[in-house]
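Here, each number is a calculation from the coordinates, and none is a lab measurement. Predicted model only: the values in this text are computed from it and were never measured. Here the Cβ positions follow ideal geometry from the backbone for every residue, glycine too, while neighbour counts run over all protein chains shown.
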Amino acid sequence: MKILISACLLGMPVRYDGQSKGVVSHWLQGLGAEGRLLPFCPEVAGGLPTPRPPAERQGEHVITQGGKDVTTEFLRGAQLALALCRQEGIRLALLKEGSPSCGSGRIYNGQFTGVSMAGEGCTTALLRRHGIDVFSEDQLAQLAERLRQLQSAG
Ligand code: SF4
C-alpha cells in the first residue's frame, strides 16, 4: 500500500521559494526504502514554476501576493493528484501543513499577513472528498496507525 507525499516533505526543492521542507523520520525513511512513498507537488504539476509567487486561498479562489488568480493551476494540480491516487490505488496521503494546496488542518488566511486559520488546501479538500485520508507531517503517528488498520483489513 503506497502513500502519496508532498514532494517538499521528501526534500525536493519545489516550494514557492525554491526550498524544501524535508521531514526527518526513520519510519518514513523505511517506507521510502520499500518504494512505498509517491512524491507529488500539485502546484508544479498544475503548471506553476519554481520559484513562484506565494499564494493563499481566498474563499474558493487562490490568489498570489501580487493579485493574480491561480485557481486554475491549483485545481489542475489537485485533479492530477487525485488521478495519481486512483491509478495507484492510494488511500492515504501525507501532505505539508499550512499550504494552500496541501494543508490539512490550517491554511493562511488570504491576507498575506502570516496569520493562519482552520482550513485545508485545494488538493487536500479534493482528495478527502474522494475518500482519501490526508495527514500532515505533525500526524505521523496517526498516519502509521491508519496504515496499520488498512493493512490488517486487507
Ligand atoms: S504544493 Fe504541496 S508539495 Fe508542492 S511545495 Fe507546496 S506544500 Fe510542497
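Things worth noting here:
- Net charge contributed by nearby residues that have their C-beta within less than 9 Å of G103 (K/R +1, D/E -1): +1
- If both residues of a DSSP beta bridge must be in the chain, then about 40% of such bridges are antiparallel.
- Using the Cβ of V115 as centre and a radius below 12 Å, the other residues enclosed give a net charge of 0, where K and R count +1 and D and E count -1.
- In a DSSP loop and with at most 13 other Cβ atoms within 10 Å, the GluC sites (Glu not before Pro) in segment 53-133 are E60.
- Of G66, H26, L48, farthest towards positive along the dipole that unit charges on Lys, Arg, Asp, Glu beta carbons give the chain: H26
- Among residues other than I63 with Cβ under 9 Å from its Cβ, the summed charge is 0 (Lys and Arg +1, Asp and Glu -1).
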